[in-house]
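**Student:** Dropping the structure in here first, questions after.
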Amino acid sequence: MSCYRGKYADELIKNAAYIGTPGKGILAADESTGTIGKRLSSINVENVEENRRALRELLFCAPGALQYLSGVILFEETLYQKTADGKPFVDVLTEGGVLPGIKVDKGTVELAGTNGETTTQGHDDLGKRCAKYYEAGARFAKWRAVLNIGPNEPSQLSIDANANGLARYAIICQENGLVPIVEPEILVDGSHDINRCAEVTERVLAACYKALNDHHVLLEGTLLKPNMVTPGSDAAKVPPKVVAEHTVRALQRTVPAAVPAIVFLSGGQSEEEATLNLNAMNQLSGKKPWSLSFSFGRALQQSTLKAWAGKVENVEKARASFLVRCKANSEATLGTYKGDASLSEGASESLHVKGYKY
Amino acid sequence: MASATILKSAFLPKRSEWAAATRSSVGRPATAMSLTVRAGSYSDELVKTAKTVASPGRGILAMDESNATCGKRLASIGLENTEANRQAYRTLLVSVPGLGQYISGAILFEETLYQSTTEGKKIVDVLVSQNIVPGIKVDKGLVPLAGSNDESWCQGLDGLASRCASYYQQGARFAKWRTVISIPNGPSALAVKEAAWGLARYAAIAQDNGLVPIVEPEILLDGEHGIDRTFEVALKVWAEVFFYLAENNVLFEGILLKPSMVTPGAESKEKATPEQVAEYTLKLLHRRIPPAVPGIMFLSGGQSEVEATQNLNAMNQSTNPWHISFSYARALQNTCLKTWGGRPENVKAAQEVLLARAAANSLAQLGKYTGEGESAESKKGMYVKNYSY
């Protein structure tokens, strides 16, 4: 089977492998203007460009934090923003050994004839946009497809539409020098048990990799950002070890060894929960040809956001909070996290929002 | 050294557990399976519109050339590509007295949908008063398909739902999306899949917003291949198109097709008679097109005006399960455009030419075309190698 072997092939392989460096992971800071508005309003901060910029500066310039990160996903606005001193964020990250990434999808739209299922749009002129982002310094991209578990969901149509959409996006990114993160998020909403989640996850991932191969995507130059396999949000919780076993088993069955790294989404888990689950996965012995790491948004920023509360005098305290979470997740990628991260306010708070609109 | 947890063999699924798990997660109540075709809010209207466009003795005038393509047409008669000239030309076309006798629908480009005639009447209104259903091109053109053999795919899905809704409000009642398949380049499995999938997604979205989708996977004429190869490719393409249309819950009674006829490639040494084209094309349709589809409106794809009419006529020599008709652009407009030449004093003559062409194709739809009185111009082939639309 032939796959992409164009001018960016070697660079894509190198960058994808770098993102999976043990001890490192991704900070997802690509909240759209609307979504970041919700975060800011939760701490009574106005949703204006300066505040959005200040929050990202708080994160990216936290001393000692960048060593635990291999990539940061940005929203388009942030890609072109600078620190208060006038240094482009892209430079701050690159100099800190962190690859800048960019969210390129244009949100979800409903699939006609389904029970509220969606597909993701953003393919029109995607090649041109990727080329532009590469010029601005981005080296990886992200596209989020969303599926859900219900009595008749996910439907075959939803699986096919989302898998095909991801594959199209992936090859277009590679043609333009960006490592595509493939994100088929199966929402945690529902009362299903962990076995149902495992079965759905396996079916969805199988479809994704079939589509990626049909579209000749270079797997060594991609990353996967899946949900962990867990019980539904309304079902009884299980210990991290059980999450780890079900998740790793699902991945062994569906994700080719050529994929260098799997960077989990947190999807509403609390900061601590997400870290403990990741840690348990890296403690399992067995076949794991890809590195298992994180690409967390809420699960890295929640307590930091609370500590900041929008006030300049809180920046140092907030940064300390952020550093704690980064270090904890770094250890989790090595299976060495002892669960002893000083729990600041909000670290064990569930971040699940029913029917979450991202 | 971190303690390791071994994946216990007890953790691996037992056969009985597996069977139980699949039953509970995959089994569906019988009622869910009956939901094969959704009852959307526009279902009845879609069926009615499709039947109207597919009415006996009538077909579609395709006049949806993008500004760039229209520019080529105008340039061929020495006219500048300005909005005024495009407006003048489209006014000429839609104002042909009695056009609605032979034309059931007209596909417009976005600019035209919102334009008025040179007399200040909305073009959409003129069409409706002529008993012609307005349609709208909604795709955003072809771009190179990554990972293929130099093939293309069609863009336009982003924001399509709201665009269709706006077009419906403006008066459009059907839509059109053109993707292409190239036989010399394969076609690769990826290109066929991408073409079929894009059409299916577009069709579902269009129907959801009140527009009857014309499904157009044009198998390009370019190439040296013979008619058997075209037939083989067409069988594959249509199988896949209908598979994905079904998967996307598209209402077949509310769509129209715009296929290419099955002919040898333009550079082939083989030449086919209208009877041969009809035989191959009808065989394809019988094998691949569900009878629920009300109308099959062929594209002309570079055939001369007369050729396109003769081929259509040959296909209508016996009754078919679907209305077999035309959706022609160049094969309706060519002589008309040349007759006009951009001069106001030629408008009437040009309009008469268009009406005559439409009337000829109307006869062809009824299987009664005799070919009397055709001009030399109408017999001129219009094939352009590597034609970009």
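The values are calculated or read from the model by the stated rules, or taken from the named source; none is laboratory data. Here the structure is a predicted model, which is why all the values come from computation and not from measurement. Note that we place each Cβ from the backbone using ideal geometry, even for glycine, and neighbour counts take in every protein chain shown.
**Student:** Can you find even one residue in segment A:132-150 that is aromatic (Phe, Trp, Tyr) and out of contact with any Cys (no Cβ under 9 Å at 6 or more places or on another chain)?
**Tutor:** yes
**Student:** With the condition kept exactly as written, say whether any residue in segment A:260-280 is within 11 Å of another protein chain (Cβ to nearest Cβ) and either on the phi < 0 side of the Ramachandran plot or surrounded by 21 or more Cβ atoms within 10 Å (Cβ to Cβ) (or both).
**Tutor:** Yes: one or more hits.
**Student:** With respect to A:ALA198, determine if the residue is within 14 Å of chain B (Cβ to nearest Cβ), surrounded by fewer than 23 Cβ atoms within 10 Å (Cβ to Cβ) and either in contact with a Leu (Cβ under 9 Å, 6 or more places away or on another chain) or at pLDDT below 95 (or both).
**Tutor:** Spelling it out, it is not the case that A:ALA198 is within 14 Å of chain B (Cβ to nearest Cβ), surrounded by fewer than 23 Cβ atoms within 10 Å (Cβ to Cβ) and either in contact with a Leu (Cβ under 9 Å, 6 or more places away or on another chain) or at pLDDT below 95 (or both).
**Student:** While we're on this one: For segment B:173-181, check the following and say yes or no: at least one residue is more than 23 Å from B:THR263 (Cα to Cα), within 10 Å of chain A (Cβ to nearest Cβ) and not polar (S, T, N, Q).
**Tutor:** No - not one qualifying residue is present in segment B:173-181.
**Student:** Can you spot a residue in segment B:149-162 that is assigned to a helix (DSSP H, G or I) and surrounded by fewer than 23 Cβ atoms within 10 Å (Cβ to Cβ)?
**Tutor:** yes
Quick grid of which residues meet (1) within 15 Å of A:GLN301 (Cβ to Cβ); (2) among the β-branched types (Val, Ile, Thr):
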position	(1), (2)
A:ARG56	yes, no
A:PRO63	no, no
A:VAL90	no, yes
A:GLY97	no, no
A:GLU110	no, no
A:THR120	no, yes
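**Student:** Something else about it: I want to confirm something. Restricting to segment A:151-179 and keeping residues that are touching a residue at least 24 places away in the same chain (Cβ under 8 Å) and assigned to a loop (DSSP other than H, G, I, E, B), which single residue is nearest to the other protein chains (Cβ to nearest Cβ)?
**Tutor:** A:ASN152
**Student:** Of the residues A:ALA332, A:ALA328, A:ALA347, only one is in a helix (DSSP H, G or I), touching a helix residue (DSSP H, G or I) at 6+ places or on another chain (Cβ under 6 Å) and either within 14 Å of chain B (Cβ to nearest Cβ) or at pLDDT below 95 (or both); which?
**Tutor:** Checking each option against the conditions leaves just A:ALA332.
**Student:** For segment B:334-349, indicate whether the set of residues that are within 21 Å of the chain's Cα centre (by Cα) and either free of Cβ contacts under 8 Å to residues at least 40 places away in the same chain or buried (at least 20 other Cβ atoms within 10 Å of the Cβ) (or both) is non-empty.
**Tutor:** Yes.
**Student:** Please go through segment B:281-314 and pick out each residue that is assigned to a helix (DSSP H, G or I) and farther than 16 Å from B:MET382 by Cβ.
**Tutor:** B:THR281, B:LEU282, B:LYS283, B:LEU284, B:LEU285, B:HIS286, B:ARG287, B:ARG288, B:ASN313, B:ALA314
**Student:** Yes or no: B:GLN207 modelled with pLDDT of 95 or more and either surrounded by fewer than 24 Cβ atoms within 10 Å (Cβ to Cβ) or of a type in the set (Gly, Ala, Ser) (or both)?
**Tutor:** No.
Residue-wise test of (1) of a type in the set (Gly, Ala, Ser); (2) part of a helix (DSSP H, G or I); (3) under 18 Å from the mean Cα position of the chain (by Cα); (4) at pLDDT below 95.
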site: B:SER41; (1), (2), (3), (4): yes, no, no, yes
site: B:ALA50; (1), (2), (3), (4): yes, yes, yes, no
site: B:LEU61; (1), (2), (3), (4): no, no, yes, no
site: B:ARG73; (1), (2), (3), (4): no, yes, no, no
site: B:ALA84; (1), (2), (3), (4): yes, yes, no, no
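**Student:** Another one. Looking at B:LYS193, B:LYS140, which is the one that is assigned to a helix (DSSP H, G or I) and charged (D, E, K, R)?
**Tutor:** Matching residue, one of B:LYS193, B:LYS140: B:LYS193.
**Student:** Grab the helices (runs of 4 or more DSSP H) fully contained in segment A:220-309, keeping just those with 1 or more residues being β-branched (Val, Ile, Thr) and within 17 Å of the chain's Cα centre (by Cα).
**Tutor:** In segment A:220-309, A:240-254, A:271-283 are the helices (runs of 4 or more DSSP H) which contain 1 or more residues that are β-branched (Val, Ile, Thr) and within 17 Å of the chain's Cα centre (by Cα).
**Student:** Would you point out which residue out of B:LEU79, B:LEU93 is in contact with a Cys (Cβ under 8 Å, 6 or more places away or on another chain) and either outside any strand (DSSP E or B) or at pLDDT 95 or above (or both)?
**Tutor:** After applying the criteria, what remains is B:LEU93.
**Student:** Regarding segment A:230-240, can at least one residue be identified that is crowded, with 24+ Cβ neighbours inside 10 Å, over 19 Å from A:ALA163 (Cβ atoms) and more than 14 Å from chain B (Cβ to nearest Cβ)?
**Tutor:** Within segment A:230-240, one or more residues are crowded, with 24+ Cβ neighbours inside 10 Å, over 19 Å from A:ALA163 (Cβ atoms) and more than 14 Å from chain B (Cβ to nearest Cβ).
**Student:** Look at segment A:106-141 and say how many of its residues are more than 10 Å from chain B (Cβ to nearest Cβ) and assigned to a loop (DSSP other than H, G, I, E, B).
**Tutor:** The qualifying residues number 6.
**Student:** What is the number of the single condition among (1) within 13 Å of chain B (Cβ to nearest Cβ); (2) surrounded by fewer than 20 Cβ atoms within 10 Å (Cβ to Cβ); (3) under 30 Å from A:ALA332 (Cα atoms) that A:ALA206 does not meet?
**Tutor:** Only one criterion in (1) within 13 Å of chain B (Cβ to nearest Cβ); (2) surrounded by fewer than 20 Cβ atoms within 10 Å (Cβ to Cβ); (3) under 30 Å from A:ALA332 (Cα atoms) is unmet by A:ALA206, namely (1).
**Student:** Restricting to segment A:279-289, count the residues that are modelled with pLDDT of 95 or more and touching a strand residue (DSSP E or B) at 6+ places or on another chain (Cβ under 6 Å).
**Tutor:** Of the residues in that region, 4 qualify.
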